[in-house]
Amino acid sequence: MAKPRLLAAACLFLAGISYSQAPQASSEGLLASGAAWKIDMPAAWNGTLLVFSHGYGGGPDAPFRTASDDATRDRLLRLGYALAASSFAQAGWGIESALKDNVALLAEFEQRYKKPQRTIAWGTSMGGLATLGLIQNSPDKFSGGLSLCGSVGGVVGMLNLSLDGAFVEKTLLAPGSDIPLVRQSDENAANRQLKGALDEAAKTPQGLARIALAAAVAQVPLWGRSQAEAATGDYAAEARHQAAQFPGAVLAPRTPLEQRAGGNLSWNTGIDYRKQLAVSARMPAVEALYRAAGLSLEADLNILAAAPRIAADYGAVAYMKSNVVPSGHLERPFLTIASPGDDLTTWAHESALLEAVRGAGAEALLRQTVVHRAGHCVFSPDEIAAALQVLDERIQSNSWPSTSAEAMNRRAQSLGTQSPTFVDAAPPPFPRPCTSAKPRCDGEVIPFGSALDAKAQINASRELAKSLGAPGNPQWQAKGDQRRTYRLPGAPNELPFRVYVPTTWDGKSALPLVLMLHGAGANESTYLDSHDKQLLHLAEQHGYVLVSPLGLNPLGAYGTPLRLPAVFGQPDIAAQQRASVDPDKERTLELSEKDVISVLELVLNEYPIDRSAMFLAGHSMGSGGVWYIGAKYPNYWAAIAPMSGPFVDEANYPWGNIRSKAIFMTEGTGATPSLAGSRLMRDWMKAHGFRLDYLEVNADHGGMVPLVLPAVFDFFDRQRRH
């Protein structure tokens, strides 16, 4: 830790205002993370510490201030506030560091001075979102928060808005182009192409109409720096202004954020741009511009509806949701200042925050103010100081002072600003907010399967099995073919399952087990009764307990949403299928998965099963279930045998869970389209060192089953011997 240094402040003459000398003590050093920190103390401390979070950029070695700018720093010191800030250990999108470093900074302050009476987090732009994260995550450390021009709708929603604008622009203004919108190898080159298409389009009424549509779904501001506001109803002038603001608002840095998150964090799978336009509040303007240009808005919306969508990488979304999106659960007062003419952080962020807070019932803790000005984070020192005074008073009195435009302007004027521009105004809608207030955001795909926690489900199923166990029942530990039912909590009725126990079992020895998952449209008995009860004969011959659950219903799918044609190598189709999962479908997936694990635990509770010799097999939809259940519950299985159903999305599959498993993958040469996916998956897995055996037989999708089943049991036998 660096030794503090005491610095002296001199007279400052800033922005034409003369400030008298403001003596202060300052110290600086390094946090354990490697981030630098600074503390500025006023001559007469009022007991409030302001912890500032800077905007995008920076890093441990970058210059930083204890306030948004030098003039604001000196204004706040003159008002008696102590100031502290860190550089953040991470450069660029450093929210993760901000949440840790600013908490660590509090300890540095208390070690050198004393515990503040009040601690306020505040920040600009990205730092405004970091401030929200601090208030959400550490309400025990901070008394309140102030966000200035903050991306308080969250980074995921922000990047989704950018994607929406770029997607509409590319689809309508650069049709047929191969400009990448995500996962860009050269972001600058891609943005130059998009900027070129934008500039060309702005020259014509047709182009302006389409720019207005793209700007509407991205909530690009109607004016910006070096622009006068367009007259009310002058939609063409507004569109020209939006064209000028579009690059800053939409073509913002994306690649560094993807690198930080470990993948693409934006998607438009499942997104209806008709709906996005309808909720944007810009529909009248867009319709008028399309009419004036002689274009069909309906035709362009149809083009957008048919355009291929872009899927996100779940891990990247999960990371950015943690760093940060609004939860709405405020425990401390939170105040914001935003501007309608902000050309980098759209004013609509304020709507997303309000929606989340209102949904959590915490609206009394939120106040939002507006400064009518163009540009990003262009607030005067006295406007900022007025906001901080309001927040400080709210913390001390437990009651909000007035935050009306009249009251805020009067307060700022009393501090020295002659022309504050607070106004009473409501922000435009945020077309598709993404907050943690609900499990999934609009169009967000479920990553791998249901949201069930595997460990919790195993425990729940074991408790259920114990409660239903009946050692005194004549059927307890019976041999041969058995048709049973049980009651699964949450299921609409009793669920059937089938168990076959070898007739040669001595009633004591531990038995190997095969769990068989049926295909779509079948049930727990279909495969067991097919082909002269081939599966039952094989179980008897090889000495296995055979278990066959229904999976809730014939189309339950065992927890995975993937099925034909979402075979391996078709990530876009897989993303579309995941995006189509609505709450009812998600509930079905969960119950289907619960049924599989509960039936398995019922059998494990009743029979002495050799836990080192448990195997999983399935065909078609059941093969997808094998890939899913096998990876989500890997500790059950010694080996898995998926048959003609390579329903796996490479980017979102937990490959590490099955890397040590023996896998026997089978396919029919006439099984289209699963054959191509199986072969591609075979080659990929072999290239990546998996323990894979692969067999193809000359049959179609259904006809391959009886041909491969003997080989499946032989494969399981070999794993037992090994």
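Can you tally the net charge around D442? Count Lys and Arg as +1, Asp and Glu as -1, for every other residue whose Cβ sits under 10 Å from the Cβ of D442.
Values: positive: K275, R432, K438, R440; negative: D272, E444.
Within the 10 Å Cβ shell, the charges total +2.
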* Give the distance, in whole Å, between the Cα centre of region 433-473 and the Cα centre of region 244-289. => 33
* State the percent of C-alpha pairs, over all pairs in region 155-319, separated by a distance greater than 21 angstrom. => 43
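Suppose R0 equals 22 Å. What FRET efficiency, 1/(1 + (r/R0)^6) with r the Cβ-Cβ distance, do A107 and Q396 give to the nearest 0.05? If you can, show how the numbers build up before the last one.
Working: r = 24 Å, r/R0 = 1.08.
Efficiency, rounded to the nearest 0.05: 0.40.
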* To do: Throw me the Rg/Rh for region 529-570, computed over C-alpha atoms with Kirkwood Rh, two decimals.
  => 1.13
* Anisotropy class of region 29-152 from Cα gyration tensor, a/c 1.5 cut -> rounded
* Structure fact -> Exposure-ranked with fewest Cβ neighbours within 10 Å first, H688, H54 stand as H688, H54
* So what's the angle, to the nearest 10 degrees on a 0 to 90 scale, between helix 283-293 and the longest Cα principal axis of the chain? -> 90
* Got a sec? How would S226, S327, S525, S86 order by Cβ neighbour count within 10 Å, fewest to most? -> S226, S525, S327, S86
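With the radius of gyration and the Kirkwood radius both derived from the Cα set of region 289-385, what is their ratio Rg to Rh? Could the numbers behind the result be given before it?
Details: Rg = 18.9 Å, Rh = 17.1 Å.
My calculation puts Rg/Rh at 1.11.
Averaging over every viewing direction, what projected area does the convex hull of the Cα atoms of the chain cover, in nm²?
Computed as one quarter of the Cα hull surface, the answer is 36.8 nm².
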* To do: Take every Cα pair under 8 Å in region 155-319 that's 6+ residues apart, average their separations, divide by the length, and report that relative contact order as a whole percent.
  => 31
* Asked: From the phi of every residue in region 353-361, what ³J(HN,Hα) in whole Hz does the Karplus formula 6.51 cos²θ - 1.76 cosθ + 1.60 yield, where θ is phi - 60° and glycine or proline is x?
  -> 5, 4, 4, 5, 5, 4, x, 8, x
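Give me the net charge of Y319's neighbourhood, meaning all other residues with Cβ under 9 Å from the Cβ of Y319; Lys, Arg count +1, Asp, Glu -1. Present the calculation step by step, with values, prior to reporting the outcome.
Working: positive: R260, K321; negative: E96.
Around Y319, the surrounding residues sum to +1.
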* Asked: Between region 72-127 and region 207-239, what is the C-alpha centre distance in whole Å?
  -> 37
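If neighbour count is taken as other Cβ atoms inside 10 Å, put E494, E444 in order from fewest to most.
Details: E494 10, E444 23.
Result, fewest neighbours first: E494, E444.
Just add up the charged neighbours of L148: K/R +1, D/E -1, any other residue whose Cβ is under 13 Å from the Cβ of L148.
On the way: positive: R373; negative: D69, D342, E350, E383.
Local net charge: -3.
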* Structure fact -> Non-local residues with an amide H under 5 Å from the amide H of L488, with H modelled 1.01 Å from N and Pro and chain starts lacking one, are L495
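Roughly speaking, what % of Cα-Cα pairs in region 34-85 are separated by over 13 Å, rounded to a whole number?
Working: 736 of 1326 pairs.
For region 34-85, the fraction of Cα-Cα distances above 13 Å is 56 percent.
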* MRE, 222 nm, helices only [DSSP H, n ≥ 4, -39500 (n - 2.57), over the chain, to nearest 500] -> -13000 deg cm²/dmol
* Asked: In debye, nearest 20: dipole of the chain around its Cα centre with unit charges on the Cβ of K, R (+) and D, E (-)?
  -> 1240
* Structure fact -> Going residue by residue through region 89-102, the Karplus relation 6.51 cos²θ - 1.76 cosθ + 1.60 with θ = phi - 60° gives ³J(HN,Hα) values, rounded to whole Hz and with x marking Gly or Pro, of 6, 9, 7, x, 7, x, 4, 4, 5, 4, 5, 8, 5, 6
* Cα-only Debye scattering, region 353-407: base-10 log of I(q)/I(0) at q = 0.15, 0.17, 0.18 Å⁻¹ -> -0.53, -0.67, -0.74
* To the nearest 10 degrees, how steep is helix 405-415 against the longest Cα principal axis of the chain, on a 0 to 90 scale? -> 50
* Pop out the ³J(HN,Hα) list for region 324-333 in order, Karplus 6.51 cos²θ - 1.76 cosθ + 1.60 with θ = phi - 60°, rounded to Hz; leave Gly and Pro as x. => 8, 10, x, 9, x, 8, 8, 10, 10, x
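Each value in this text was obtained by applying a stated rule to the coordinates, not by laboratory testing. Small disclaimer: the values here were computed from a predicted structure and weren't measured. All Cβ positions, glycine included, derive from the backbone under ideal geometry; neighbour counts span all protein chains shown.
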